[in-house]
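Here the structure is laid out as structure tokens; the discussion comes afterwards.
Throughout, read-outs are computed from the coordinates displayed, never taken from laboratory work. It should be emphasised that the depicted structure is a prediction, and the values quoted were computed from it without experimental measurement. Positions of Cβ are backbone-derived with ideal geometry, glycine not excepted, and every protein chain shown enters the neighbour counts.
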Amino acid sequence: MKKNRTSVSRHEYLIKDLQDPEFAAEYLNVVLEEGDEKMILKALRNVAEAAGGMGEVAKRAHLSRMTLYRALSKNGNPEFSSFLEILKALKIKVVFKSAA
């Protein structure tokens, strides 16, 4: 007999929450504060998944899907121009503030 799934994984719950642009921006800010490059890439992957999937984001960023996957992979190291295109595709704006 097939069981009906009644719970949602943390990842699925996060992806649902990340569909809200304000939540996604705050999520990225919190991860950025931690300063871990790998976590920032993972967070961007999560936001991309929530924003219509990697294929859709790659198209909007004018990148191939494989390039986007590689750039946001665990060992990714996207070029700055690619990073900016990804943020633009996700409708995420970068703002600099004084740390003082």
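Miscellaneous remarks
- Residue check for LYS42: under 23 Å from HIS11 (Cα atoms) and outside any helix (DSSP H, G or I): no
- Taken over the range 40-54, the criterion of being more than 9 Å from the chain's Cα centre (by Cα) and either surrounded by 13 or more Cβ atoms within 10 Å (Cβ to Cβ) or within 12 Å of LYS91 (Cβ to Cβ) (or both) is satisfied by GLY52, MET54.
- Considering residues of the range 56-100 that are of a type in the set (S, T, N, Q) and assigned to a loop (DSSP other than H, G, I, E, B) only, the residue surrounded by the most Cβ atoms within 10 Å (Cβ to Cβ): SER73
- Test result for LEU28, touching a residue at least 60 places away in the same chain (Cβ under 8 Å) and either among the acidic types (Asp, Glu) or within 21 Å of TYR13 (Cα to Cα) (or both): yes
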